[in-house]
Amino acid sequence: MLVGLASAIALPSSELQKSSGPLLQVVAATGVPIPDWVFSLIALVAVANGALLTMIMASRVTYGMAEQRLLPTVLGRVLPNRKTPWTAIVATTVVAMLLTLVGDVGTLAETVVLLLLFVFISTNVAVLVLRRDRVEHDHFRVWTFVPVLGVASCVLLLTQQSGQVWLYAAMLLAVGVVLYLVARLSGGRTRGGPRPTA
């Protein structure tokens with residue numbers, strides 16, 4: 001938020017919106033002598049780090065969902081010694097490679113952002129629901145307005161997405177629903193586990 005505020009102060013928002021490299025333009029406007037190649041290197045490392053974290057997260061979420069029988073159990077296989085979820089890693093890598101062939105990287109990134117917004121909404125709603133549970137031990141309890149603001153901000157950001165991004169996201173969600181139904185038909189979800197507290 002502070003970066004966005006500082007950028008809006010440094011340059012008009014209309015100019016930032018049209019720019020393909022808004023942060024680079026903001027840095028140039030400040031007069032700080034940072035070479036373009038240094039800024040490009042920083043951006044490259046940041047993008048690579050973000051992509052790596054997303055791939056790690058995707059494979060581990062896929063593995064966890066397979067363990068809970070929300071996805072086919074084959075995605076829950078791990079290496080015998082290292083316990084690495086190799087089938088989930090292979091599957092998510094193949095999906096990521098196929099998605100790069102569907103459209104441009106920018107649209108793909110926006111689709112990932114849209115889906116992550118749904119994840120954030122569900123997480124904040126889960127916090128509100130879990131607050132109703134009474135437990136005997138002490139635990140952290142977040143202020144109510146924090147998850148409410150989280151949901152509201154995510155909904156606001158969802159309204160900024162284009163129709164094409166919504167279409168791609170709907171297609172990916174449809175694939176997820178099909179995989180979920182396959183998992184349910186092949187074994188059903190494990191029930192009765194302990195619920196986390198928030």
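Data table
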| quantity | calculated |
| --- | --- |
| Peptides ranked, highest mean first, by Cβ atoms within 10 Å: ranges 6-19, 117-130 | 117-130, 6-19 |
| Net lengthening on full extension, Val119/Met97 (0.36 nm per residue, minus Cα-Cα) | 5.7 nm |
| The stretch 86-101 - phi-based ³J(HN,Hα) in whole Hz, Karplus 6.51/-1.76/1.60, Gly and Pro as x | 5, 5, 5, 5, 4, 5, 5, 5, 4, 4, 4, 5, 5, 5, 5, 8 |
| Gain in span if fully extended, Glu15 to Met1, counting 0.36 nm per residue against the direct Cα distance | 3.2 nm |
| Per residue accessible area of the chain, 1.4 Å probe, in Å² | 72 Å² |
| Rounded tilt (10° steps) of 145-158 against the dominant C-alpha axis of the chain | 70 degrees |
| Efficiency of FRET from Cβ geometry, Phe140 and Thr107, R₀ 41 Å, rounded to 0.05 | 0.60 |
| Accessible carbon and sulfur surface of the stretch 35-77 relative to its total accessible area, %, 1.4 Å | 72 percent |
| Per-pair calculated FRET efficiency, R0 = 25 Å: Asp133 and Lys83 via Cβ, rounded to 0.05 | 0.20 |
| Over the stretch 50-198: Rg over Rh, Cα atoms, Kirkwood Rh | 1.00 |
| Positive-end residue of Leu179, Ile42, Val146, charge dipole of the chain with Cβ unit charges | Leu179 |
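The values are calculated or read from the model by the stated rules, or taken from the named source; none is laboratory data. Remember, it's a predicted structure, so these values are computed and weren't measured experimentally. Don't worry about glycine lacking a Cβ; one is built from the backbone with ideal geometry, like all the others, and counts go over all protein chains shown. Just the protein is used for accessible areas: all its heavy atoms, side chains included, with ligands, DNA and RNA removed. Shrake-Rupley method; radii C 1.70, N 1.55, O 1.52, S 1.80 Å.
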